Amino acid sequence: MESFEETRTRNRTSPARWALRAVLLVVTLVIALYAACVVATPFVSGETTYKEVINAPVADTWTYASASKNATEWSVFFHHITPLTGPGHAPDGTVGATRVCFRNADEKGIQWSEDTKQIEPGKHRRIRTYDVKGFPGGVFSTLSEFDVNQYYRDEGDGKSSLRFTTKVHRRRGMVGLMLYPIQKVIFSAGPYDDHTQWVFKVNLENIKSAIESHRAGKPYHRVHEYEKQLWFESNPWGSPPSGRA
């Protein structure tokens, strides 16, 4: 007959017991990581911003940046942006307008929808980003939402400035409340925050070049080309190459 000590030793080394320990370890790590995100939330802004001064009146800057079709000229991230039109849809660039942003020409892979929530003509536009799809590794998902703001300013002497900002939006309900700390920390963490600021920078430099070229009656010189492959599309948990955020 097996002794008590032998039974206890066998139970300690059984596959089922090791599997249970592994599950408990994973659960503990997940809880610890979530708790760390909750603790860190008040100390990270979750917001990225960049501003560009343009040699054109604010009315020209507002008009150009308000048209979704122009994104094909200036965006390095999206191949094109398609406004939803027809009955029930507000005109592009107005409050209530909805558009879909496509990373690729074939409209596969990364994409998301945007609703224009607020407008102060010539000064401010607030856009809600939602229904995010196609990000590798599930870094962002259909549960992710962001507020994007465009701030326009008359700088005098025929110049204007355009500033882009974006930050994580907390969805309503329990799911939104629970996901918010995780999304805010991820979005504020190194590679993704740096990448967003880089995208803002090069997009705004393209917008500046487009507006100034059109105003001078010259051919548009695109400063930064559309990026056919971005670093996180092959490794969402990696880092951007040197010199490319």
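Read the figures in this text as sums done on the coordinates, not as results from a lab. Just so it is clear, the model here is predicted, and its values are computed rather than measured. Here the Cβ positions follow ideal geometry from the backbone for every residue, glycine too, while neighbour counts run over all protein chains shown.
Given a Förster distance of 22 Å, report the FRET efficiency between Asp157 and Ala67 from their Cβ-Cβ distance, rounded to the nearest 0.05.
0.30
Each residue of region 196-204 was assigned a 3J(HN,Hα) from its phi angle through the Karplus expression (A = 6.51, B = -1.76, C = 1.60, θ = phi - 60°), giving 4, 5, 4, 4, 4, 4, 6, 4, 5 Hz with x at Gly and Pro.
In plain terms, the chain from Glu107 to Lys51 could stretch by 17.2 nm, reckoned as 0.36 nm per residue minus the Cα-Cα distance.
Roughly speaking, what is the stretch gain from Ala216 to Ala59, that is 0.36 nm per residue apart minus the C-alpha to C-alpha distance, in nm to one decimal?
Details: separation 157, 0.36 × 157 = 56.52 nm, distance 1.53 nm.
Computed gain between Ala216 and Ala59 is 55.0 nm.
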